[in-house]
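Enquirer: Handing you a structure now.
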Amino acid sequence: MIPAPRHFIDTQDVSREELLQILELTRLLKAADKDGACPKLLAGASLGMIFEEPSTRTRISFEVAMTKLGGHALYLKPGEIHLGERENIRDTAQVISRMVDAIEARTLKHATVLELAANATVPVINGLTDYNHPTQVVCDVFTMLEHREAGKPMEELRVTFIGDATNVCSSLMMICTQMGMRFTHAAPERYQAPEAWRRIARANAEASGGSLTITDDVATAVRDADFVYTDLWWWIGQEAEIPARRDAFMPAYQVTEALLARAPAHAKFMHCLPASRGVEVTDAVIDGPRSIVYDQSENRLHTEKALLVHLIHPRLKRPSPELAAHHRGLIENVL
Ligand code: CP
């Protein structure tokens, strides 16, 4: 019996135990890949990848992950499929589900990915929306575990996110508090995480023993940080707000060597990328010895492999050799 599809729209859809399992799967798949021994766990499987916005890391990591696992990925660009234009989302979700084993979707609106998932009969994976970026933050936690101080338990890690309350900030706040970590968001009051997000993160922290701090005091926010993380201060569609945003964040919230010097000596710098160099972070920091941004990018590949295996592998049909031979015989009879 094929299990019902599990979607990955939000880390909140997944228990802490399941996230730990995905992180362990990532560790094993990364090690296997480094030995050139990535198992073909998704042989014959296909992933449909819908992108309403450009992507470097998400697109490449999902496509390469499918190839390494023995499967195949299709890049489905707006204008090249009918999503929401000449065909409604429900029909598109139903039709694509009949042909692929999972759908990855980066959509402008969170409601679109929710509608895809509500109507798909295969797993749907959120590749970033205007609300969150769950696949990015699984990668981020995995990267933190690799780069933490030796022996430091995950529950003692302190993560400080500086800057706008972006979709990455939203997901990072959720996963860190789910995993029992200490999460701080440092931003001017106007750009701090909204109350709706804080309610979810506070409930997570209460259940996990983690904590949530929201502050405009960036110096204090980095004082005990193991990881200092930032993201873009504005995104496509926010061009009119650039002067106001620049005034609000610059210079206090720019991650500079001087700001990083206020963090413990072992603290590492993280960024989901793409970065606006010289805006939210200086070249000296992003190219400096404390930056782990390229390890973070590479880990998108390994965490996508784990997520794909976790969601697709239990649903693959494994016919017995007798059943496979039976079908082959019938087909060959008509050739
Ligand atoms: N971090 C991230 O999602 O990068 P892309 O936009 O390049 O996919």
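The values are calculated or read from the model by the stated rules, or taken from the named source; none is laboratory data. The structure presented is a predicted model; accordingly, all values stated were derived computationally and were not measured. Ideal geometry is used to build each Cβ from the backbone, glycine not excepted, and the neighbour counts take in all protein chains shown. Remember, those area values only see protein heavy atoms, side chains included, never the ligands or the DNA or RNA. Shrake-Rupley method; radii C 1.70, N 1.55, O 1.52, S 1.80 Å.
Enquirer: Just to be sure before I move on: is residue 86 surrounded by 22 or more Cβ atoms within 10 Å (Cβ to Cβ), charged (D, E, K, R) and away from the ligand (no atom under 16 Å from the Cβ) in the structure I sent? Show your work before the answer.
Expert: Working: surrounded by 22 or more Cβ atoms within 10 Å (Cβ to Cβ): no; charged (D, E, K, R): yes; away from the ligand (no atom under 16 Å from the Cβ): yes.
Criteria not met by residue 86.
Enquirer: For residue 47, which of the numbered conditions (1) away from the ligand (no atom under 16 Å from the Cβ); (2) in contact with a strand residue (DSSP E or B) (Cβ under 6 Å, 6 or more places away or on another chain); (3) not in a loop (DSSP other than H, G, I, E, B) fails to hold?
Expert: (1)
So that you can scan it fast, the table gives a plain yes or no per residue for (1) more than 25 Å from residue 152 (Cβ to Cβ); (2) in a helix (DSSP H, G or I); (3) among the hydrophobic types (A, V, I, L, M, F, W, C); (4) touching a residue at least 60 places away in the same chain (Cβ under 8 Å):
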site: 177; (1), (2), (3), (4): no, yes, no, no
site: 183; (1), (2), (3), (4): no, no, yes, no
site: 190; (1), (2), (3), (4): yes, yes, no, no
site: 193; (1), (2), (3), (4): yes, no, yes, no
site: 197; (1), (2), (3), (4): yes, yes, yes, no
site: 201; (1), (2), (3), (4): no, yes, yes, no
site: 213; (1), (2), (3), (4): no, no, no, no
site: 219; (1), (2), (3), (4): no, yes, yes, no
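Enquirer: Let me ask something else about it. Please tell me if residue 160 is under 18 Å from residue 259 (Cα atoms), β-branched (Val, Ile, Thr) and open to solvent by 20 Å² or more (accessible area, probe 1.4 Å).
Expert: Details: under 18 Å from residue 259 (Cα atoms): yes; β-branched (Val, Ile, Thr): yes; open to solvent by 20 Å² or more (accessible area, probe 1.4 Å): no.
Judged against the criteria, residue 160 is not a match.
Enquirer: In segment 265-281, which residues are in contact with an Asp or Glu (Cβ under 9 Å, 6 or more places away or on another chain) and either part of a strand (DSSP E or B) or open to solvent by 30 Å² or more (accessible area, probe 1.4 Å) (or both)?
Expert: 266, 268, 270, 271, 275, 277
Enquirer: Name the residues in segment 51-69 that are farther than 15 Å from residue 307 by Cα and more than 13 Å from the ligand (Cβ to nearest atom), would you?
Expert: none
Enquirer: Ok, one more. Can you tell me which of (1) in a loop (DSSP other than H, G, I, E, B); (2) without any contact (Cβ under 8 Å) to a residue 40 or more places away in the chain; (3) more than 15 Å from the ligand (Cβ to nearest atom) is the one residue 91 doesn't meet?
Expert: (1)
Enquirer: Here's a follow-up. Could you tell me which of the residues 226, 231, 287 is under 22 Å from residue 137 (Cα atoms), open to solvent by 60 Å² or more (accessible area, probe 1.4 Å) and within 25 Å of the chain's Cα centre (by Cα)? Working first, answer last.
Expert: Numbers: 226 fails: open to solvent by 60 Å² or more (accessible area, probe 1.4 Å); 231 fails: open to solvent by 60 Å² or more (accessible area, probe 1.4 Å).
Being under 22 Å from residue 137 (Cα atoms), open to solvent by 60 Å² or more (accessible area, probe 1.4 Å) and within 25 Å of the chain's Cα centre (by Cα) holds for just one of 226, 231, 287, which is 287.
Enquirer: Given the structure, is residue 242 surrounded by fewer than 16 Cβ atoms within 10 Å (Cβ to Cβ), β-branched (Val, Ile, Thr) and not assigned by TED's automatic domain parsing to the domain that holds residue 40?
Expert: So residue 242 fits the description; yes.
Enquirer: Still on this structure: For segment 2-20, which positions are within 18 Å of residue 316 (Cβ to Cβ), open to solvent by 20 Å² or more (accessible area, probe 1.4 Å) and not β-branched (Val, Ile, Thr)?
Expert: The first filter runs over segment 2-20 and keeps only residues within 18 Å of residue 316 (Cβ to Cβ), leaving 2-8.
Adding the requirement that they be open to solvent by 20 Å² or more (accessible area, probe 1.4 Å) leaves 2-7.
Hits for segment 2-20 are 3, 4, 5, 6, 7.
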